[in-house]
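The values are calculated or read from the model by the stated rules, or taken from the named source; none is laboratory data. The structure presented is a predicted model; accordingly, all values stated were derived computationally and were not measured. With ideal geometry, Cβ positions are generated from the backbone for all residues, glycine too; neighbour counts draw on all protein chains shown. Ligands, DNA and RNA are stripped out before the accessible areas are found, and what is left, the full protein with its side chains, is counted by its heavy atoms. Shrake-Rupley method; radii C 1.70, N 1.55, O 1.52, S 1.80 Å.
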Amino acid sequence: MKIMQVIPYFCFGGAEIMCENLTYALKSAGQEVFVVSLYAERTPIARRMEEAGIRIVYLDKKLGLDLSMVPKLTDIIRREGPDVVHTHLDVIKYATMAARLAGVKKCVHTVHSLADREAEGRVQKIINGFYFRKAWSVPVALTPEVQSSVAEFYGLPPARVPVIYNGIDLSRCVPKTSYETGETVTILHVGRFDVPKNHAGLLEAFRLLLKSCPQCRLRLVGDGDLRADMEALAREKGIADAVEFCGMQSNVYPYLHDADIFVLPSIYEGNPMTIIEAMGTGLPMAASRVGGIPDMIADGESGILVEPEPQSICEGLSRLVEDKSLRQRLGETARKQSQTFSAEHMARDYISCYSK
């Protein structure tokens, strides 16, 4: 089977990491797969994929609506002859129409967040809804929560929205072997500096935590438009000495292994890759009770679910800092449950979806 994946470009985000992992796993499963990036930027992720032998076709999309993408994608589809066109994020509006024009009727679209969050704007909602209801593209949800949101938002029977969890190459994780802490307790967050990730709430929660747990240190891996603002906010709150801004890292696994606790305080999420990476490492975690996270983490069993507001985040982290047995129990359970989110499992489910 020949599969063409289409994505805006490979910035540092969950959808992009998922597309990368799926591409590797599909190739390992014997499928022929290539990727189309609408923008010409060769990001670190894109270069990493090319070094791994993945072919990427770069287009020259302009910012905003660019209808020239339809004929350009149509030409690629006719030339390459894929059996399936798999879209991510907002490229669906171009690639699904291009597939129809080129005679390819098997289209799949991964919905990476709650439906109303992903379809930004009335026009995108109308276009997506038309494609889904006409069965021009099959919407795939990352979790049952996302499935419900897609079914309700677009007026579809839930059975028309298959659920396939994100997956990673779990062999890259470096499992924890000890849950002892040293003189400091390292709390790790991985994610782009954007409003949904709730860095401002996390910094306030950390300020509160330091009052009772002054031995804690917060490491923030990632980059984005709000990074400078958050650095300024840490200084304003008087906690800058205990917060490390690590920037974007091509390999987050050593940071995960070296951490004592993982935190994800997002305002909303779909099926976050960072949680899977933390689970595969065996990290105890506190994560927001939003989006698809409760479908991944059982509260009190494989992690602690909190509300995305400072006091609740602080309380969840405090429990983990103060209780070694809790850290170990949650971390070990998370490690076992991470097998549900392997890249191989994800690829098998998508191949089945493509075949249908």
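Each helix, a run of at least 4 DSSP H residues, gives -39500 (n - 2.57); summed and divided by the residues of the chain, these come to -13000 deg cm²/dmol at 222 nm. Helices of the chain meeting both criteria, an alpha-carbon length of 27 angstrom or more along the long axis and an average Kyte-Doolittle score not below 1.6, with helices taken as full DSSP H segments, do not occur.
For segment 40-97, calculate the relative contact order in percent as a whole number, restricting contacts to Cα pairs under 8 Å that are 6 or more residues apart. Mind showing how you got there, number by number?
Details: 23 pairs, mean separation 16.9, N = 58.
Normalised by residue count, the contact order of segment 40-97 is 29 percent.
Got a number for carbon plus sulfur as a percent of segment 104-143's accessible area, 1.4 Å probe?
Details: 990 of 1820 Å².
With neighbouring chains kept in place, the figure for segment 104-143 is 54 percent.
Computed packing ranks the peptides 121-131, 4-14 as 4-14, 121-131, most packed first, by mean other Cβ atoms within 10 Å.
Entry comment: accessible area of the chain is 41 Å² per residue, from protein heavy atoms only and a probe of 1.4 Å. Of the residues 312, 338, 266, the one that moves most in a GNM of the chain with alpha-carbon contacts below 10 Å is 312. With K and R counted +1 and D and E -1, the other residues having a Cβ less than 14 Å from that of residue 115 yield a net charge of -2.
Of the two radii for segment 97-225, the radius of gyration is 1.13 times the Kirkwood radius, both from the alpha carbons; that is the Rg over Rh value. Normalising the average separation of contacting C-alpha pairs (under 8 angstrom, six or more residues apart) by the number of residues puts the relative contact order of the chain at 16 percent. The stretch between residue 123 and residue 353 holds 80.1 nm of extra length on full extension. This uses 0.36 nm per residue minus the Cα-Cα distance. Exceedance of the 18 Å cut-off in Cα-Cα distance is limited, within the set 27/61; 2/62; 125/197; 211/324; 2/106; 62/125, to 27/61; 2/62; 125/197; 211/324; 62/125. Placing a label point 7 Å from the Cα of residue 219 along the Cα-to-Cβ direction, the residues of segment 253-268 with a backbone N closer than 14 Å are 253-263.
Calculate log10 I(q)/I(0) of segment 142-284 for q = 0.10, 0.11, 0.21 Å⁻¹, where I(q) comes from the Debye formula with a single equal point scatterer on each Cα and nothing for solvent. Here log10 of I(q) over I(0) equals -0.41, -0.49, -1.28.
Descending by average beta-carbon neighbour count within 10 Å, the peptides 220-232, 132-144 line up as 132-144, 220-232, the highest first. Each part gets one Cα centre, and for segment 283-298 versus segment 306-342 those centres are 9 Å apart.
Ligands, DNA and RNA left out, the accessible area of segment 189-270 computed with a 1.4 Å probe is 46% carbon and sulfur.
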